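The values are calculated or read from the model by the stated rules, or taken from the named source; none is laboratory data. Here the structure is a predicted model, which means the values were calculated and not measured. Here the Cβ positions follow ideal geometry from the backbone for every residue, glycine too, while neighbour counts run over all protein chains shown.
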Amino acid sequence: MTQTNRSTRYTTPKQVATILTHQLSALKESPALAHQLPPIMLWGPPGVGKSSIIREVCNHSGVDFIDIRLSQREPVDLRGLPVPKGDSVDWLISGEWPRDPNSRGIILFDEITAADRSLQVAAYELILDRRLGNLYNLPDGWLVVAAGNRAEDRAVATTFSSALANRFCHLDVGADLESWCQWAAANGIHPDIIGFVRFRPECFFNMQGNVEQGWPSPRSWTRVANILTNLSSRLDESTVGLMIQGLVGAPASTEFLAFRRWSNELPDIPAMLHGKCPIHIPERADQRFAFCSGLAHHLWKGPVNQEQQRLDRFFEISMQLSSDFATLALLDATAGSSNAEQEYHTTEIFCHASFESWSEKHGKVFNQHLAQVA
């Protein structure tokens, strides 16, 4: 949900993706807009996925992506290398800049606020004028985007000049729980993590502790998911716990590991979806969050020829859930890692014979939830 305080309206990752996707589409239809569309500047704390949003937009749009970490560059990397040529000097421009006039993509100047003024000045010409002297012009199919941290984010931050700031369209990106959970469900993030951060949203993103070590953020929870998926079967429980603590800090990891122990006592969700065991809804709130995340996670896994059976059972189980939990399960079930997959999941859910009954029971809460996240 878009958050609001007295001075700033925050932009969700989904809204950022929508804006960039529309700009790419506009450039494809009318390349002349390249000099009219303002470059986007994404502000936000570390770990909210600013660069990941742009990378995913490029992947989904089928265009190229160039990530320039300004804090790791020298001015000559951007301007080019001066080379003597007779009694004058010529310039060799970096080969990483796109040359194909028909190419399309996004150039991200990441960590721009961590770069010193000399690097910011070196980037001005390409960001503002889409060129480097008389030697290079950025093809019209490319968007320029920058990203950085604010001073209050407790990260390295250098102030912008007013000239540079006035050329950008500035978007403040917040850590949005619901859009991250939808993304996580679509990308196979471990259901225990989705269930936990919904149960304890205070542990989703928190910079109040020691940010010089592990602290909870969308980035760090994604890395916890990688540990649970790829390493937990190879390491003992104590070692896994230490790694999780190293990523999200002691307070969040202690709560998560306790939540995980309770979630391990859940009924066998895949067996329930296949009708091999009776429907049993957990009574504890934390277990219900884990149960609903697991339900959506396992719905689309398994033999394709048994998918209809799982869908039938999914609706049977949903009808025994309270409306708030049924809504969470259904929203996660409609997520997909691509537009085509999301469209397929959504169609199968909304066109199912039991959806009308589901809607009669849970539709009011479902619509209220959609209104909140719109």
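Considering only the range 71-80, I want to know if a residue exists there that is in contact (Cβ under 8 Å) with a residue 12 or more places away in the chain and closer than 18 Å to Pro13 by Cα.
no
For the range 268-318, enumerate the residues that are touching an Asp or Glu at 6+ places or on another chain (Cβ under 7 Å) and either outside the structural domain of Trp358 (by TED's automatic domain parsing) or of a type in the set (A, V, I, L, M) (or both).
Across the range 268-318, the qualifying residues are Ile279, Ala290, Ala296, Leu311.
Residue under question is Ile53, and the condition is that it be surrounded by 16 or more Cβ atoms within 10 Å (Cβ to Cβ) and in contact with a helix residue (DSSP H, G or I) (Cβ under 6 Å, 6 or more places away or on another chain); does it hold?
Numbers: surrounded by 16 or more Cβ atoms within 10 Å (Cβ to Cβ): yes; in contact with a helix residue (DSSP H, G or I) (Cβ under 6 Å, 6 or more places away or on another chain): yes.
For Ile53, the condition - surrounded by 16 or more Cβ atoms within 10 Å (Cβ to Cβ) and in contact with a helix residue (DSSP H, G or I) (Cβ under 6 Å, 6 or more places away or on another chain) - is met.
Do we find that Arg219 is in contact (Cβ under 8 Å) with a residue 60 or more places away in the chain, in contact with a Phe, Trp or Tyr (Cβ under 9 Å, 6 or more places away or on another chain), not aliphatic (A, V, I, L, M) and not in a loop (DSSP other than H, G, I, E, B) in this structure?
Values: in contact (Cβ under 8 Å) with a residue 60 or more places away in the chain: yes; in contact with a Phe, Trp or Tyr (Cβ under 9 Å, 6 or more places away or on another chain): no; not aliphatic (A, V, I, L, M): yes; not in a loop (DSSP other than H, G, I, E, B): yes.
So Arg219 fails the test.
What are the residues in the range 76-104 that are touching a helix residue (DSSP H, G or I) at 6+ places or on another chain (Cβ under 7 Å) and on the phi > 0 side of the Ramachandran plot, if any?
Correct list: empty.
Residue under question is Trp91, and the condition is that it be within 18 Å of Tyr136 (Cβ to Cβ) and not β-branched (Val, Ile, Thr); does it hold? Steps first, please.
On the way: within 18 Å of Tyr136 (Cβ to Cβ): yes; not β-branched (Val, Ile, Thr): yes.
Yes; evaluated as a whole, the condition is true for this residue.
Filter the range 143-159 down to residues that are farther than 16 Å from Ser51 by Cα and either at pLDDT 85 or above or hydroxyl-bearing (Ser, Thr, Tyr) (or both) and give me whichever is surrounded by the fewest Cβ atoms within 10 Å (Cβ to Cβ).
Only one residue tops the list, namely Thr159.
If I filter the range 215-247 down to residues being under 15 Å from Asp192 (Cα atoms) and β-branched (Val, Ile, Thr), which single residue comes out as surrounded by the fewest Cβ atoms within 10 Å (Cβ to Cβ)?
Thr229
Kindly provide the set of residues from the range 321-374 that are of a type in the set (Gly, Ala, Ser), touching a residue at least 40 places away in the same chain (Cβ under 8 Å) and farther than 22 Å from Leu177 by Cα, ordered by number.
Ser354, Ser357
Which of the residues belonging to the range 36-59 are touching a Ser or Thr at 6+ places or on another chain (Cβ under 7 Å) and under 21 Å from Trp142 (Cβ atoms)?
Within the range 36-59, Val57 is the sole residue that qualifies.
If a residue must be assigned to a loop (DSSP other than H, G, I, E, B) and among the hydrophobic types (A, V, I, L, M, F, W, C), how many such residues does the range 157-185 contain? Let's see the steps before the verdict.
Initial filter on the range 157-185 (assigned to a loop (DSSP other than H, G, I, E, B)): 157-161, 166-168, 174-176.
Narrowing further to those that are among the hydrophobic types (A, V, I, L, M, F, W, C): 157, 160, 168, 175.
Number of matching residues: 4.
Could you grab me the full set of residues in the range 310-343 that are in contact with a Gly (Cβ under 8 Å, 6 or more places away or on another chain), part of a helix (DSSP H, G or I) and modelled with pLDDT under 95? Show your work before the answer.
Restricting attention to the range 310-343, the residues satisfying the condition of being in contact with a Gly (Cβ under 8 Å, 6 or more places away or on another chain) are 310, 313, 337, 342-343.
Then drop every residue that is not part of a helix (DSSP H, G or I), which leaves 310, 313, 342-343.
Scanning the range 310-343 gives Gln342, Glu343.
Give, as residue ranges, the strands (runs of 3 or more DSSP E) completely inside the range 57-142 that count at least 1 residues that are of a type in the set (Gly, Ala, Ser).
Numbers: elements: 64-69, 81-85, 88-92, 105-110.
Ranges flagged: 88-92, 105-110.
I need the full set of residues from the range 186-200 which are part of a helix (DSSP H, G or I) and either among the polar types (S, T, N, Q) or modelled with pLDDT of 90 or more (or both), in order please.
The first filter runs over the range 186-200 and keeps only residues part of a helix (DSSP H, G or I), leaving 186, 191-199.
Passing the criteria: Pro191, Asp192, Ile193, Ile194, Gly195, Phe196, Val197, Arg198, Phe199.
Within the set of pairs 6+ apart or on separate chains, which have a first residue in the range 15-35 that is not assigned by TED's automatic domain parsing to the domain that holds Leu138, a second that is among the aromatic types (Phe, Trp, Tyr) and surrounded by fewer than 16 Cβ atoms within 10 Å (Cβ to Cβ), and C-beta atoms under 9 Å apart?
none
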